[in-house]
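Undergrad: Have a look at this one before I ask anything.
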Amino acid sequence: MTEVIDGNAVAADIRDGLTDAIERLADAGSRPGLATVLMSDDAASETYVSMKQRDCEEVGITSHHVEIPPDAPAAELFDTVADLNEEADVNGILVQMPVPDHVDKRRVLRAIDPAKDVDGFHPENVGRMVAGNARFKPCTPHGIQKLLERHEVATEGAEAVVVGRSDIVGKPMANLLIQKAPLGNATTTVCHSRTEDLAAHTREADILVAAAGVPEMIDGSMIKPGATVIDVGINRVDADTGKGYELIGDVEYESAAEQADAITPVPGGVGPMTRAMLLYNTVKAAGEQAGVAVDLP
Ligand code: NAD
């Protein structure tokens with residue numbers, strides 16, 4: 001029987017596990033706070049930000065929100081980030097990507113105080129993660145590690161294949177998997193758009209992480225029997241639903257599930273974990289900034 005890895009259930013458990021720490025911090029006068037900054041009128045970005053605000057409210061994290069018109073000068077965004085860096089009740093800062101073309105994205109990542117960089121994308125935090133001393137692990141790969149942990153998937157010595165090399169998913173995922181640390185120690189291959197024979201690699205994977213953003217590009221014939229398959233893809237495709245679209249993954253679920261021992265669905269797999277780990281990083285940041293030791297789930 002293929003095990004369906006239920007991201008909603010694990011994410012709910014992580015959120016539950018955070019509430020004690022949040023109340024402990026609140027009692028100490030340091031209720032965690034997350035600031036979201038939106039400089040876009042893209043509907044998907046607006047939805048992501050409002051979901052993050054709602055997630056915060058549900059667990060007792062104070063949410064702060066700043067909206068900047070997309071045609072405003074870049075300085076307005078940098079001034080906002082500088083102000084938030086100084087705000088004592090803002091422990092985490094998240095600038096929703098993408099920012100408009102006239103704003104230097106890399107400069108935005110560098111502008112956030114690394115101690116408040118709950119996405120984990122500031123070069124200092126990327127460097128710390130690579131060096132095996134992570135402060136904030138990026139939310140999606142961190143959430144995947146938690147899924148593997150909760151489902152007792154052994155990474156040590158496993159052949160792991162990551163499809164995709166983005167800065168937010170593929171690269172940090174591969175990096176965490178090779179760390180000499182719990183939930184690491186995997187022999188890890190990274191495939192990408194220039195990989196010659198993708199299937200030859202994916203068929204070797206005990207753990208396959210698909211993060212290419214190509215709908216259903218990985219089918220059962222590309223999966224090693226008994227593998228654990230983590231589908232990161234969220235692809236919006238036209239469909240005869242009320243909304244006119246549906247969300248599908250990078251993995252063709254039915255044929256993949258026939259081969260895999262365990263598999264994440266889309267939706268309801270990695271997505272909820274990404275959201276939960278943002279809350280986790282915000283609570284971690286708040287604890288460190290307040291100098292209060294908190295237990296994290
Ligand atoms: P991206 O577009 O930045 O990167 C995609 C990567 O896939 C690239 O490195 C590219 O080299 C590789 N790739 C593209 N086509 C390929 C192919 N045919 N064969 C092999 N490799 C190929 O995307 P991203 O931001 O890393 O996101 C990937 C997917 O994951 C998207 O569908 C995105 O929506 C989704 N996503 C989901 C979550 C979540 O929480 N579930 C979080 C982030 C991203």
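Undergrad: From (1) closer than 26 Å to residue 13 by Cα; (2) out of contact with any helix residue (DSSP H, G or I) (no Cβ under 9 Å at 6 or more places or on another chain); (3) within 16 Å of the ligand (Cβ to nearest atom), pick out the condition that doesn't hold for residue 231.
TA: Every listed condition holds for residue 231 apart from (2).
Undergrad: In region 49-68, what residues are under 15 Å from residue 92 (Cβ atoms), of a type outside the set (Lys, Arg) and either buried (at least 19 other Cβ atoms within 10 Å of the Cβ) or touching a residue at least 24 places away in the same chain (Cβ under 8 Å) (or both)?
TA: Result: 49, 55, 56, 59, 60, 61, 62, 63, 64, 65, 66.
Undergrad: For region 198-219, what are the residues that are free of Cβ contacts under 8 Å to residues at least 40 places away in the same chain and either small (Gly, Ala, Ser) or farther than 26 Å from residue 237 by Cα (or both)?
TA: Hits for region 198-219 are 199, 200, 203.
Undergrad: Could you please give the count of residues in region 227-275 that are at positive phi and within 21 Å of the chain's Cα centre (by Cα)? Break it down into steps so the answer makes sense when it comes.
TA: Looking only at region 227-275, we keep the residues that are at positive phi, and these are 244, 268.
Next, only the ones that are within 21 Å of the chain's Cα centre (by Cα) stay: 268.
Total satisfying the criteria: 1.
Undergrad: Is there any pair linking a residue in region 121-148 that is closer than 11 Å to residue 281 by Cβ to one that is small (Gly, Ala, Ser) and not in a helix (DSSP H, G or I), with Cβ under 6 Å and at least six apart or on different chains, and which?
TA: Close Cβ pairs satisfying both conditions: 136/120; 137/120; 138/120.
Undergrad: Considering only helices (runs of 4 or more DSSP H) fully contained in region 105-189, which possess at least 3 residues that are over 24 Å from residue 269 (Cα atoms), modelled with pLDDT of 95 or more and not assigned by TED's automatic domain parsing to the domain that holds residue 213? Step through it out loud before you land on a result.
TA: Details: elements: 105-111, 123-130, 139-150, 170-178.
Answer list for region 105-189: 105-111, 123-130.
Undergrad: While we're looking at this one, here's another question. Which of the residues spanning region 23-32 are in contact with a helix residue (DSSP H, G or I) (Cβ under 9 Å, 6 or more places away or on another chain) and surrounded by fewer than 22 Cβ atoms within 10 Å (Cβ to Cβ)?
TA: Filtering region 23-32 down to residues in contact with a helix residue (DSSP H, G or I) (Cβ under 9 Å, 6 or more places away or on another chain) leaves 24-25, 28-32.
Answer for region 23-32, where residues must be in contact with a helix residue (DSSP H, G or I) (Cβ under 9 Å, 6 or more places away or on another chain) and surrounded by fewer than 22 Cβ atoms within 10 Å (Cβ to Cβ): 24, 28, 29, 30, 31.
The values are calculated or read from the model by the stated rules, or taken from the named source; none is laboratory data. Please read these numbers as outputs of a predicted model, since none were measured by experiment. As a convention, Cβ positions derive from the backbone with ideal geometry for all residues, glycine included, and neighbour counts pool all protein chains shown.
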